[in-house]
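None of the figures in this text is laboratory data; all of them are computed from the coordinates on show. This is a predicted model, so every value here is computed, not measured. Here the Cβ positions follow ideal geometry from the backbone for every residue, glycine too, while neighbour counts run over all protein chains shown.
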Amino acid sequence: MWLVFLIPAAIVLGLIISVRRDDASRDMIRAWTAENGCRLLYAEKRSILLSPFALTSSRDQTVYRATFMTLEGQRSAWVRCGSFMGGITFSNHVQVRWD
């Protein structure tokens, strides 16, 4: 009987964690842009496996395809949030790989 409540609770918890991870990643990217004198135009979450970070990332990191306005003009890049060991929960590290 208790499984009737446990399964929906687990689903809701998973959705909350997923949304929180996305919000944290976007906040990290915004902070990076402010520190580096550029402006974020667009960011879309992508699969780690289909990014240039595939072999060096953990499942606790997030990867985005982003477009920035820099002093050099509009530029695109791959952005990885979090560290290998700490993910985005314990690290605010942002790595940008320009095209």
Can you give the local net charge around Glu44? Use residues other than it whose beta-carbon is closer than 13 angstrom to its beta-carbon, Lys and Arg +1, Asp and Glu -1.
+3
Low-density loop cleavage sites - GluC sites (Glu not before Pro) in region 27-90, where at most 13 other Cβ are within 10 Å (DSSP)
Glu72
Over the chain, calculate the relative contact order: mean separation of alpha carbon pairs under 8 Å at least 6 apart, over the residue count, as a percent.
22 percent
Which entry in [x] 16.8; [y] 17.4; [z] 14.6 is this structure's computed Kirkwood radius over Cα pairs in Å?
[z]
